[in-house]
Amino acid sequence: MTTTTTPMTLRGVGIGRGLGIGPVLRMPDPLPEPADGPSALAADAEKVRAAGALAATAADIRLRGEKAGGSAKDVLEAQAFMAEDPTLKDDVNVRLDTGKTAERAVFEAFVQFRDLLTSMGGYMGERATDLDDVSQRAVAHLQGVPAPGVPDPDHPFVLVARDLAPADTALLNLDKVLALITSDGGPTSHTAILAREKSIVAVVGASGALSLEDGETVIVDASTGVVTVNPTDAERSAAEATLASRASAPVVPVGPGALADGTAVPLLANLGSVDKLAAAIELGAEGVGLFRTEFLFLDSDKAPSVAEQQAHYTTLFEAFPGKKVVVRALDAGADKPLSFLNDEPEENPALGLRGLRALRAHESILRDQLTAIANAAAATTAEAWVMAPMVSTVEETRYFVGLARELGLKTAGVMVEVPAAALLADRILADADFASIGTNDLTQYTLAADRLLGSVSSFQDPWHPAVLRLVGEVGRAGAALGKPVGICGEAAADPMLAVVLVGLGATSLSMSPAALADVRAELSRFTRKQATQFAELALSANSAVEARAAVFAAATPSTNTQKSE
Amino acid sequence: MPERTVTIGSAHGLHARPASLFVQAVTASGLPVQLTKGDKTLNAASILGVISLGIDHGDQITLSAEGENADTVLDQLVDLLTTDMDA
């Protein structure tokens, strides 16, 4: 795969890891702003028109929601309420009383609310797109013209837009859309969420995307977030070869994860409840590397009893007889606060009383949870491991491991998400039985970029050499002490990065079960020696982009060799 | 007029989806419900009003309603607001 640094390359945040090649088609320009001339109708007549258009728009959006289903339906339901909003209607009517047309009054009222949301920034600012879409639809209805929407030509195309409204994304004709590029919108935008859900190849937040013109050929690589504009023949052939090899790649049979030289790399599942156990086993999970327990606590205003928890853990352990199952103690706080744990509002919750810190402040909850896990483990044959979230110090490690042992658990470890824990991994692993690296938080803390904030999403890249160096510290400490080092963040689900992580010393990889097949296939292509070499290449890079490019370049010849065998 | 003060339970506050569930419940009640955060009071059936207040997790708001069953309606709305609708 070739990446260039010429001006004909756009960069954004890739969603998923697909690849698309094809001609650009831009979203049609929005409707022109309705003229601000006096209405020929009486104010009351205009009010009837405006109310009718808003009601019809709401009904139309709801209908689209019903068709789309899934999370799109919720988003569209919210949009329908925007069209029906009583405050907005009052605002429209006040404007109509001054003699404006319904088109203009509706337009102005929406603009006012949109500006308000935009001025609030962050999440609210991203909702402004939803509002623009509702406005356009209502004005189009008043003017008797079709609402601007996704083009539907008779050939496949790469859709380019500023940002897509939920209604558009939900109804994309997947047979025709080869890929999606937006200039705006972060990884939390609806476009990104829905693209992920529908497996649409997408690069979002690619600045400069609006300079693309209809008919230009682009290569959209979601795995790197790179859009190559007007590619050379060589680039195009390389991309087509990649597509073809993915389509024809022999599916690596479901089985234990291993490198090409036979080095075992157990592939485990990240699970957030006991509902998906069967699916994880079917996809070849060799155990569970991260069992999130928040679901047991989120819906209640007090912690569940030992017996209630024990029943869930027993179901979990019974599904993996003789296999490793790592249960993470309750990880509340920051983006998932619980009323009975997090008492005080915090200015910076990601840096606050979260994870093990919150549990220590409410030790009875932690004791109950560990007791329930120990009881379930005693009644089943799974290899039950427990780990503490958000551990920063050796002292916290000793506290957690000591408590787990006291309550009858044999294997207790810590999550490494805080740079301090990675830097002192040799001392932490002297006390802990294992470490599991949470790459999402480790990246957030290393680069000081809130992972929920779209405006700093470009920092949230686990390929960053600073993050990889910290992973390497933990890997080295684990090797020296003979302790396992797992990865349980999103990074393990990125096949190429998974190989790099193994090169940095990861001994197992845990991911959402859907990613297991791709990672298993990628691992089988490279030897330990190559993985170590890729790790060194990535570590010596200056940026995430450089690290990725260097490793892909080094990995490509090897892939070809493999194919010609 | 009956009123309730409540602390928001949704992890990301009252943004699009939780706001929409809340507005849906208010609309379904058929009663005029007022929502107050700080010194701002508005119609709780207005999703744009609710969103524009920027109500975050842990914020305190006050709901008031008038009419038949006002107490029952308010209790139901309080239940909704204290649960994590993002979960």
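A few notes on this one:
- Selection within region B:42-56 - modelled with pLDDT under 90 and out of contact with any strand residue (DSSP E or B) (no Cβ under 9 Å at 6 or more places or on another chain): B:Leu48, B:Ile51, B:Asp56
- In region A:269-279, residue farthest from A:Gly255 (Cα to Cα) [restricted to those that are open to solvent by less than 50 Å² (accessible area, probe 1.4 Å) and over 19 Å from the mean Cα position of the chain (by Cα)]: A:Val274
- A:Thr98 vs. criteria of a type in the set (Ser, Thr, Tyr), at negative phi and touching a residue at least 60 places away in the same chain (Cβ under 8 Å): no
- Matching residues in region A:518-537 - criterion: being within 22 Å of A:Pro253 (Cβ to Cβ) and open to solvent by 50 Å² or more (accessible area, probe 1.4 Å): A:Asp518, A:Arg525, A:Arg528
- Checking region A:405-427 against the condition returns a match, with at least one residue being assigned by TED's automatic domain parsing to the domain that holds A:Glu473, open to solvent by 20 Å² or more (accessible area, probe 1.4 Å) and closer than 15 Å to A:Leu290 by Cβ.
- When residues in region A:281-301 are screened for being modelled with pLDDT under 90 and within 21 Å of the chain's Cα centre (by Cα), 4 of them pass.
- Pick from region A:148-163, criterion open to solvent by less than 40 Å² (accessible area, probe 1.4 Å) and in a loop (DSSP other than H, G, I, E, B), ranking: farthest from the other protein chains (Cβ to nearest Cβ): A:Pro153
- Some residue of region A:392-401 being in the same structural domain as A:Val326 (by TED's automatic domain parsing), closer than 22 Å to A:Thr439 by Cβ and surrounded by 22 or more Cβ atoms within 10 Å (Cβ to Cβ): yes
- Tally of residues being among the small types (Gly, Ala, Ser) and more than 21 Å from the chain's Cα centre (by Cα) across region A:420-465: 7
- Being more than 12 Å from chain A (Cβ to nearest Cβ), of a type in the set (S, T, N, Q) and either touching a Pro at 6+ places or on another chain (Cβ under 6 Å) or closer than 24 Å to A:Leu341 by Cα (or both) holds for only one residue in B:Thr62, B:Thr83, B:Thr36, B:Thr72, and it is B:Thr62.
- The conditions of being closer than 18 Å to A:Ser512 by Cα, buried (at least 17 other Cβ atoms within 10 Å of the Cβ) and touching a helix residue (DSSP H, G or I) at 6+ places or on another chain (Cβ under 8 Å) are met by A:Val288.
- Of the criteria (1) outside any strand (DSSP E or B); (2) at pLDDT 85 or above, which one B:Pro18 fails: (2)
Table: residues versus (1) among the aromatic types (Phe, Trp, Tyr); (2) within 16 Å of A:Ala477 (Cα to Cα).
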| site | (1), (2) |
| --- | --- |
| A:Leu370 | no, no |
| A:Ala378 | no, no |
| A:Ala382 | no, no |
| A:Trp385 | yes, no |
| A:Val391 | no, no |
| A:Gly402 | no, no |
| A:Gly413 | no, yes |
| A:Ile428 | no, yes |
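- Residue identified as among the hydrophobic types (A, V, I, L, M, F, W, C), more than 11 Å from every other protein chain (Cβ to nearest Cβ) and open to solvent by 10 Å² or more (accessible area, probe 1.4 Å) among B:Ala11, B:Ala28: B:Ala28
- Screening A:Pro462 against (1) over 19 Å from A:Val551 (Cα atoms); (2) of a type outside the set (Gly, Ala, Ser); (3) part of a loop (DSSP other than H, G, I, E, B) leaves a single unmet condition, (1).
- Condition check for A:Ala140: at pLDDT 90 or above and either within 14 Å of chain B (Cβ to nearest Cβ) or part of a helix (DSSP H, G or I) (or both): yes
- On inspection, A:Ala68 fails the criterion of being within 14 Å of chain B (Cβ to nearest Cβ), closer than 18 Å to A:Asp130 by Cα, aliphatic (A, V, I, L, M) and open to solvent by less than 60 Å² (accessible area, probe 1.4 Å).
- Of the residues screened, A:Ile365 is one that is at pLDDT below 95 and in a helix (DSSP H, G or I).
- Only one of B:Val50, B:Val78 that is at the interface with chain A (Cβ under 10 Å from one of its Cβ atoms), under 22 Å from A:Pro345 (Cβ atoms) and not in a loop (DSSP other than H, G, I, E, B): B:Val50
- Annotation note: of B:Thr41, B:Thr36, the sole residue that is part of a strand (DSSP E or B) and under 18 Å from A:Leu117 (Cα atoms) is B:Thr41.
- Residues that are over 22 Å from the mean Cα position of the chain (by Cα) and assigned to a helix (DSSP H, G or I) within region A:503-520 comprise just one, A:Gly503.
- Residue list for region A:73-107, restricted to those being more than 26 Å from the chain's Cα centre (by Cα), assigned to a helix (DSSP H, G or I) and either away from chain B (no Cβ under 14 Å) or of a type in the set (S, T, N, Q) (or both): A:Thr87, A:Asn93, A:Val94, A:Arg95, A:Leu96, A:Asp97, A:Ala102, A:Glu103, A:Arg104, A:Ala105, A:Phe107
The values are calculated or read from the model by the stated rules, or taken from the named source; none is laboratory data. In this text, all values refer to a predicted model and were calculated from it rather than measured experimentally. Neighbour counts are summed over all protein chains in view; Cβ atoms, including those assigned to glycine, are modelled from backbone coordinates with ideal geometry. Calculation scope for accessible area: heavy atoms of the full protein, side chains included, ligands and nucleic acids excluded. Shrake-Rupley method; radii C 1.70, N 1.55, O 1.52, S 1.80 Å.
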